[in-house]
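Peer 1: My questions all concern the structure below.
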Amino acid sequence: MNNSFFYKIKKFFFDKKQDIVKKEDIDNIEKILLSADIGTKITIKIVSNLEKKIKNNNIKIDDLKKILKNDILNIVKVKKKEKESIIKKIEVSKKPYVIMIVGVNGVGKTTTIGKLSFFFKKKGYNPIIGASDTFRESAIEQLEILSKKSQVSIIKQKINSDPASVAYDTVQSAISRKKDIVLIDTAGRLHNRINLMKELSKIDKVIKKLIPKAPHEIILVIDANTGQNAFEQTKNFSYFTKISSIIITKMDGTAKAGFILKILNEYNIPIQYIGIGENLNDLKEFNEEIFIDKILKN
Ligand SMILES: Nc1nc2c(ncn2[C@@H]2O[C@H](COP(=O)(O)OP(=O)(O)O)[C@@H](O)[C@H]2O)c(=O)[nH]1
Ligand SMILES: [Mg+2]
């Protein structure tokens, strides 16, 4: 971890807070940015902006932090501007609005479905959950407990039944019972990655038989503790399907999820929510300013 971009940036600012910024300091920042793989283009943009600002002004290292924060914020904002919040998308969509939750094992998909169903219920919607992770008995039970807690209907079948068939049943039931949101849980690991991707594609296809535009939303769940592998996960899941949103879980711990920057920079996928605990109401909207503050804080 100590070689990470954020560690280096923090160390840089901490070491010489009150010094006036010199050209060589900017060179150092450039090196740090480049080593973080956030992309040459953006690094050049940030660096030339910093160079312009220090040219005729005596700027302290501490102020440089503010400038850098603003620049990073701009990168994140541009990407986000093109995207709408899930609630807005639900409002303008035909019902039911079908949401599929994907991600590797243990990141918090099932827990997040519980939180989302609770959140949507509070907003006045009437969601239904589909237990398409049929790989483990405990996954079905866990979802059942969560659905009871948030008082939301659930469609399930036996362990090892066809996940696509469960998804089909859930969407069909949502149509006939006039539910407005469908939340489909999925497995994070089958016998191998290809199997998982095939299974997810099958669920996707089967849902389309009932509603051609569905799933309207595919949410990738990522654990904040994942590190740079989060980027690989985004790449792998994006390869098989169009990920429309990301939720980062376990942001209540020490992990700062710096990888978010790289994902936002390379993929045009907005982070919608963050998970901040194991309870039903531990879901918050993602705020990029708070996120960047946390990263640059000494
Ligand atoms: N602290 C914390 N724990 C979480 C959060 N989200 C999920 N978890 C925990 O992570 C573990 C795996 O969650 P689960 O939903 O079963 O993951 P799945 O395999 O992706 O469905 C469980 O112990 C959850 O309670 C979160 O936001 N914060
Ligand atoms: Mg699960």
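The values are calculated or read from the model by the stated rules, or taken from the named source; none is laboratory data. Please read these numbers as outputs of a predicted model, since none were measured by experiment. Note that we place each Cβ from the backbone using ideal geometry, even for glycine, and neighbour counts take in every protein chain shown. Heavy atoms of the whole protein, side chains included, go into the accessibility calculation; ligands, DNA and RNA do not. Shrake-Rupley method; radii C 1.70, N 1.55, O 1.52, S 1.80 Å.
Peer 1: Per residue of region 142-153, in order, report the coupling 6.51 cos²θ - 1.76 cosθ + 1.60 (Karplus, θ = phi - 60°) as ³J(HN,Hα) in whole Hz, putting x for Gly and Pro.
Peer 2: So the Karplus estimates, Gly and Pro as x, are 4, 5, 5, 4, 5, 5, 5, 4, 8, 6, 10, 5 Hz.
Peer 1: Could you run the Karplus curve 6.51 cos²θ - 1.76 cosθ + 1.60 with θ = phi - 60° over region 113-123 and give me ³J(HN,Hα) per residue in whole Hz, x for Gly and Pro?
Peer 2: Listing the rounded values in order: 4, x, 5, 5, 5, 5, 5, 5, 4, 4, 7 Hz.
Peer 1: Per-residue accessible area for Y267 at 1.4 Å probe radius, Å² rounded to 10?
Peer 2: Here the accessible area works out near 50 Å².
Peer 1: Per the 1.4 Å probe, what fraction of the accessible area of region 5-78, in percent, lies on carbon and sulfur atoms? Mind showing how you got there, number by number?
Peer 2: Details: 2280 of 4330 Å².
Whole-percent figure for carbon plus sulfur exposure: 53.
Peer 1: Note down the relative contact order for region 86-296 as a percent, whole number, built from C-alpha pairs under 8 angstrom at least six residues apart. The partial results should precede the final answer.
Peer 2: Values: 394 pairs, mean separation 50.1, N = 211.
Averaging sequence separation for qualifying contacts and normalising by length gives 24 percent for region 86-296.
Peer 1: Moving on. For region 151-235, what percent of Cα pairs sit more than 18 Å apart?
Peer 2: On the way: 1789 of 3570 pairs.
I get 50 percent for the Cα pairs in region 151-235 exceeding 18 Å.
Peer 1: Based on the Kirkwood radius over alpha-carbon pairs, what is the Stokes-Einstein translational diffusion coefficient of the chain at 20 °C with 1.002 mPa s viscosity, in µm²/s? Please list the in-between numbers first.
Peer 2: Numbers: Rh = 20.5 Å.
Rounded, D is 104 µm²/s.
Peer 1: I'd like to check one number: the per residue accessible area of region 5-78, probe 1.4 Å, reported in Å² as a whole number.
Peer 2: Details: 4330 Å² over 74 residues.
For region 5-78, the solvent-accessible area averages 58 Å² per residue.
Peer 1: Oh, and also: Net charge near I203: determine it from the other residues with C-beta under 13 Å of the C-beta of I203, scoring Lys and Arg +1 and Asp and Glu -1. Numbers along the way, then the final one.
Peer 2: Details: positive: K198, K202, K205, K208, K209; negative: D133, D162, D169, D185, E199, D204.
Once all neighbours under 13 Å are counted, the net charge is -1.
Peer 1: I would also like to ask the following. When ranked by the protection proxy of mean other Cβ atoms within 10 Å per residue, highest first, what sequence do the peptides 234-243, 114-123 form? The partial results should precede the final answer.
Peer 2: Numbers: 234-243: 15.9, 114-123: 20.7.
The packing order, highest mean first, is 114-123, 234-243.
Peer 1: Then there's this: Taking amide hydrogens as modeled 1.01 Å from N in the peptide plane, which residues meet the under 5 Å criterion relative to D180, leaving out close sequence neighbours?
Peer 2: Residues meeting the criterion, in which the H sits 1.01 Å from N, are N126.
Peer 1: Let me ask you something else. Measure off 7 Å from each Cα along the Cα-to-Cβ vector at K77 and V92, then give the distance between these two points in nanometres to one decimal.
Peer 2: 2.2 nm
Peer 1: Once both labels are modelled 7 Å past Cα along the beta-carbon direction, what's the K208-E278 spacing in nm?
Peer 2: The modelled label-to-label distance comes out at 3.9 nm.
Peer 1: Apply the Karplus parameterisation 6.51 cos²θ - 1.76 cosθ + 1.60, with θ equal to phi minus 60°, to every residue of region 264-273 and state each ³J(HN,Hα) to the nearest whole Hz, in sequence, with x for glycine and proline.
Peer 2: 5, 6, 9, 10, 8, 10, x, 7, 8, 9
Peer 1: Still on this structure: Just the number, please: carbon plus sulfur as a percent of the accessible area of region 86-296, 1.4 Å probe, no ligands or DNA/RNA counted.
Peer 2: Of the solvent-accessible surface of region 86-296, carbon and sulfur hold 50 percent.
Peer 1: Please work out the Kirkwood hydrodynamic radius for region 91-244, using every pair of different C-alpha atoms, and report it in angstroms with one decimal place. Before the final figure, lay out each step's value.
Peer 2: Numbers: mean 1/r = 0.0654 Å⁻¹.
About 15.3 Å for region 91-244.
Peer 1: Kindly report the accessible area of region 238-298 per residue (heavy atoms of protein chains, probe 1.4 Å, no ligands, DNA or RNA), in Å². Before the final figure, lay out the partial values.
Peer 2: Values: 2760 Å² over 61 residues.
For region 238-298, the per-residue accessible area is 45 Å².
Peer 1: By how many nm would the segment from K10 to N49 grow when fully extended, if each residue of separation counts as 0.36 nm and the alpha-carbon distance is taken off? Numbers along the way, then the final one.
Peer 2: Details: separation 39, 0.36 × 39 = 14.04 nm, distance 1.98 nm.
Computed gain between K10 and N49 is 12.1 nm.
Peer 1: For region 5-78, what are the per-bin percents of Cα-Cα distances with bins 5 Å wide, up to the bin holding the maximum?
Peer 2: Taking all Cα pairs of region 5-78, the binned fractions are 3, 16, 30, 30, 16, 5, 0 percent.
Peer 1: Shifting gears a bit: Could you check the spin-label model distance between E137 and K69? Points 7 Å from the Cα along Cα→Cβ, value in nm.
Peer 2: About 5.2 nm, to one decimal.
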